[in-house]
Amino acid sequence: MSDAYTGGCACGAVRYEIADEPMFMNECQCRDCQLRSGTGHGSYLSFPSRERAKVSGEAKHWKVVADNGNVKNHAFCAECGSPVYLTFSYMPEVFTIHAGSLDDPGRYRPQAVTYAVRGHAWDPLDPALTKFQKMPTG
């Protein structure tokens, strides 16, 4: 196992540490990610155990209903507004962090693009990445 993944918000009020390895790293081009990031996509690392993620500080939460009807719970810093992590009603064990919140963002290695159907020509992503038109299942 490598070193823990650590990071947090811009002001340091919300921090996390995750000893697990990510099970999936992706660029997401869904409209929610575009609006929240202010760009054409969001970049994420998903970990298999929410229970093993150590979070300190108080995050605010904003819930969004996904295309499939499930709820995405977005956590962000109440002080600086930085998005930090997400949890999902349909995968309660998974803990997902924003790649930009990592102390070492160079550890992020995207494996795929989700919601490629909503991508924009002005936001080109690595053409070698596997592209899913929506969210893959299974």
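Pair-distance distribution of the chain: all C-alpha pairs, bin width 5 Å, starting at 0; shares per bin in whole percent are 2, 10, 20, 25, 21, 15, 6, 1.
Around Ala66, with a cut-off of 11 angstrom between Cβ atoms, what is the net charge of the other residues, counting Lys and Arg +1 and Asp and Glu -1? With Lys, Arg at +1 and Asp, Glu at -1, the neighbours total +2. Here is how the number arises for the chain: DSSP H runs of 4 or more residues each give -39500 (n - 2.57), the sum is divided by the residue count, and the result at 222 nm is -1500 deg cm²/dmol.
Quote the Stokes-Einstein diffusion coefficient, in whole µm² s⁻¹, for segment 64-125, based on the Kirkwood radius over alpha carbon pairs, a temperature of 4 °C and a viscosity of 1.567 mPa s.
Estimated diffusion coefficient is 94 µm²/s.
Remind me, relative contact order of the chain in percent, using alpha carbon pairs under 8 angstrom and six or more residues apart? It rounds to 27 percent for the chain.
Note on Ser49, Ser43: ascending count of other Cβ atoms within 10 Å places them as Ser49, Ser43, the fewest first.
If you run the Gaussian network model on the chain, springs between alpha carbon atoms under 10 Å, then out of Val84, Val65, Val14 the most flexible one is Val65.
With θ taken as phi - 60° and the Karplus curve 6.51 cos²θ - 1.76 cosθ + 1.60 applied, the whole-hertz 3J(HN,Hα) list for segment 115-127 is 6, 4, 4, 9, x, 10, 4, 7, 10, x, 10, 3, x Hz, x standing for glycine and proline.
Values quoted throughout were computed directly from the atomic coordinates according to the rules given, and no laboratory measurement underlies them. Just so we're clear, the structure is a prediction, and the values are computed from it rather than from any experiment. Here the Cβ is made from the backbone with ideal geometry for all residues, glycine too, and neighbour counts use every protein chain on show.
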